[in-house]
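Here is the structure we will look at.
The values are calculated or read from the model by the stated rules, or taken from the named source; none is laboratory data. Not measured: the values here are computed from a predicted model. Counting neighbours? That spans all protein chains shown, and the Cβs are built from the backbone with ideal geometry, glycine included.
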Amino acid sequence: MIIEPKIRNNICLTAHPTGCARQVADQIEYVRKRGAMKSAAGLPSRALIVGSSNGYGLASRIVAAYGCRAATVGVAFERPGSNDQGRDKVGTAGWYNDQAFLKRAAADGLGAWSLNGDAFSREVKDEAIELIRRNLGPVDLLIYSIASPRRLDPVTGTIHSSVIKPIGKPYVSPSLDFLTGVVSETRAEPAVSQQEIDDTVKVMGGEDWKLWVEALQREGLLAENATSVAFSYIGPSFTAPIYRDGTIGRAKEHLEETARQIHSVLSRHGGRALVSVNKALVTRASAVIPAVPLYIAILYRVMKEKGLHEACIQQMDRLFRDFLYVDSPLRVDSEGRVRLDDLEMREDVQSEVARRWGKAATDTIQQLADVEGFRSEYLNYHGFGVRGIDYRAEVDPRGA
Ligand code: NAD
């Protein structure tokens, strides 16, 4: 079939298998060109990545495999492409990314296994544990990189939905339609109840990360000196009401507090747990948060002009090479977090973004922001607009 982008309400409903595979290959190439990593303290050799099929999780899996030659197990929740009785169904980008990664890893002699299912569930944790026991032995790296709108609590059977809302009062800000380039005012209403905040913390806070750590420990499948990392975000003051001071910010505070709790347990055996605060990037989620596409489009333009722009793979490569596996003490901020958002948050970057933010309007936006960069990265994330791909060619929706 011929697969084209189908976008409704800033959500892309299709993905292109060959384009996704090329994106994965490009990320692998980036890490290979940077060369094999070295560390006297040792590199990870067996890694579990929860949320491994896209964004930061996929990039960290690629760095673990191609920078450290680690065997990897990935867990993700994706819709497979299919062709049942001649009816084609397109899969999600993460499905095609995962297939492409497994195929490349096998060709390159790297151990790699993936599970497709709900990481919040007991069943998937049990399956992952069985797979690790059979094929790997204790993991020395656990990356937790889930971005999900909902979670079925395995104990109570309740479904919790996360919301991205301000707390206390509405958030009114300019916002960008990245498909049309129109800037208009948007108003996000505050969370209506404590329940909405608690639900968001349930989904995007640290509870499930801790359950993964405990499940692995119980089975003796977390190495003594293991490192575990989850990802957070802070951002500028003008998006704070919708992000860091909003419902999702509460979840990130919980995640960061969970890192301290996990760390206090793992550090008794020479291990560690930490949160890395990453840069704002175009992904499925960031495209639908009010004001965030406008912020990212301006940020990209400013960072590109200053030669500072990074995507997921550059961020994860830097996390491993400059922070996690160096022969000097881990560099963290006063809260114990790695700050991969250091370049985004640089004073000169933020003051220029703030200046442009104040001037953003439909007739000025093309001079102020990288709207095209946002749009093309969004399409690339789904395997479209990727260099060298013939989109008129028939592809099998089942992928590789
Ligand atoms: P993404 O949407 O690109 O990837 C999310 C991954 O989670 C996918 O592999 C998906 O399959 C998996 N997933 C979702 N629900 C699942 C479930 N129930 N079971 C198993 N897997 C599931 O997301 P991302 O932007 O890379 O975000 C990952 C983490 O990084 C999140 O914690 C996010 O808050 C954080 N972060 C993102 C940004 C950004 O700008 N994108 C910045 C800083 C931090």
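What is the one condition in (1) more than 16 Å from the ligand (Cβ to nearest atom); (2) at pLDDT 95 or above; (3) out of contact with any strand residue (DSSP E or B) (no Cβ under 8 Å at 6 or more places or on another chain) that P170 does not satisfy?
Unmet condition: (3).
Tally the residues that are within 13 Å of the ligand (Cβ to nearest atom), surrounded by fewer than 19 Cβ atoms within 10 Å (Cβ to Cβ) and among the aliphatic types (A, V, I, L, M), restricting the search to the stretch 252-273.
Residues flagged as within 13 Å of the ligand (Cβ to nearest atom), surrounded by fewer than 19 Cβ atoms within 10 Å (Cβ to Cβ) and among the aliphatic types (A, V, I, L, M) within the stretch 252-273 amount to 0.
Which condition number does K279 fail, the rest of (1) more than 30 Å from N380 (Cβ to Cβ); (2) touching a helix residue (DSSP H, G or I) at 6+ places or on another chain (Cβ under 8 Å) being met?
Here K279 clears every test but (1).
Test S39 against the stated conditions and say whether it is in contact (Cβ under 8 Å) with a residue 24 or more places away in the chain and surrounded by fewer than 24 Cβ atoms within 10 Å (Cβ to Cβ).
Values: in contact (Cβ under 8 Å) with a residue 24 or more places away in the chain: yes; surrounded by fewer than 24 Cβ atoms within 10 Å (Cβ to Cβ): yes.
Here the answer is yes, as S39 does meet what is asked.
So, in the stretch 280-294, exactly how many residues are at negative phi and more than 10 Å from the ligand (Cβ to nearest atom)?
So the first thing to find is which residues in the stretch 280-294 are at negative phi, and the list is 280-290, 292-294.
After this cut, where a residue has to be more than 10 Å from the ligand (Cβ to nearest atom) as well, the list is 288, 290, 293-294.
Result for the stretch 280-294: 4.
Consider R337 against the criteria (1) under 19 Å from A59 (Cα atoms); (2) within 13 Å of the ligand (Cβ to nearest atom): it satisfies all of them except one. Which criterion is unmet?
It fails just one condition, (1).
Got a number for residues in the stretch 233-251 being outside any helix (DSSP H, G or I), surrounded by fewer than 24 Cβ atoms within 10 Å (Cβ to Cβ) and in contact (Cβ under 8 Å) with a residue 12 or more places away in the chain? First the steps, then the outcome.
In the first step, residues of the stretch 233-251 are kept if they are outside any helix (DSSP H, G or I); the result is 233-236, 240-246.
When the remaining residues are screened for being surrounded by fewer than 24 Cβ atoms within 10 Å (Cβ to Cβ), the result is 233-236, 240-241, 244-245.
The next check asks that each one be in contact (Cβ under 8 Å) with a residue 12 or more places away in the chain; those that pass are 233-236, 241, 245.
So the answer is 6.
Give the residue, chosen from S334, S351, that is surrounded by fewer than 13 Cβ atoms within 10 Å (Cβ to Cβ), among the polar types (S, T, N, Q), farther than 21 Å from Q27 by Cα and over 25 Å from the mean Cα position of the chain (by Cα).
Values: S334 fails: over 25 Å from the mean Cα position of the chain (by Cα).
Going through S334, S351 in turn, just one is surrounded by fewer than 13 Cβ atoms within 10 Å (Cβ to Cβ), among the polar types (S, T, N, Q), farther than 21 Å from Q27 by Cα and over 25 Å from the mean Cα position of the chain (by Cα): S351.
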